[in-house]
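A short write-up of the structure that comes next.
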Amino acid sequence: MAKLKLPKIKDKWMDDIRTLPKVEVTWTDATIFDGWRRADDIDRAGIDVITLGWFLPPTKTEIKLGYSVTDDGKINELFIIPRAWVKKVRVLR
């Protein structure tokens with residue numbers, strides 16, 4: 001697997017959370033198939049998803065996005081994706 005290229009985050013991002021990069025993350029989500037199936041009857045596991053948000057400092061195992069931010073630096077609707085599931089992170093302009 002190729003190394004994931006992530007956007008840079010300013011050191012003082014907590015002073016103004018709106019300086020965080022707005023990104024589009026392409027990742028593969030888990031899926032579930034209901035009912036009994038033959039192994040050769042399963043098309044594939046996972047579904048490709050695109051999620052938009054403010055890019056928060058990542059960890060070694062997770063990518064974090066904030067969906068909503070306030071003027072005073074609060075984040076609502078935090079979304080965390082396992083890093084191994086992420087295919088691409090693209091900075092939006």
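The values are calculated or read from the model by the stated rules, or taken from the named source; none is laboratory data. Source: prediction; values computed, not measured. Cβ sites come from the backbone with ideal geometry, for glycine too, and all protein chains shown count toward neighbours. Only protein heavy atoms, including side chains, enter the accessible area calculation; ligands, DNA and RNA are left aside. Shrake-Rupley method; radii C 1.70, N 1.55, O 1.52, S 1.80 Å.
General remarks:
- Label zone at Leu4 (point 7 Å along Cα-to-Cβ), backbone N below 14 Å, the stretch 61-82: 61-66, 79-82
- Shape call, the stretch 1-50: gyration tensor on alpha carbons, a/c limit 1.5: prolate
- As a fraction of the 1.4 Å probe accessible area of the chain, surface on carbon and sulfur atoms comes out at 54 percent.
- Descending Cα extents along the principal axes, the chain, whole Å: 54, 28, 24
- Stretch gain in nm, segment Met14-Arg37, where the contour uses 0.36 nm per residue and the Cα spacing is subtracted: 3.3 nm
- Using C-alpha pairs below 8 Å separated by at least 6 residues, the relative contact order for the chain is 36 percent.
- Length gained when the stretch Glu24-Tyr67 is fully extended (0.36 nm per residue, less Cα-Cα span): 14.3 nm
- Label point of Phe79 set 7 angstrom out along Cα-Cβ; within the stretch 28-67, amide nitrogens under 18 Å from it belong to 28-31, 46-59, 62-67.
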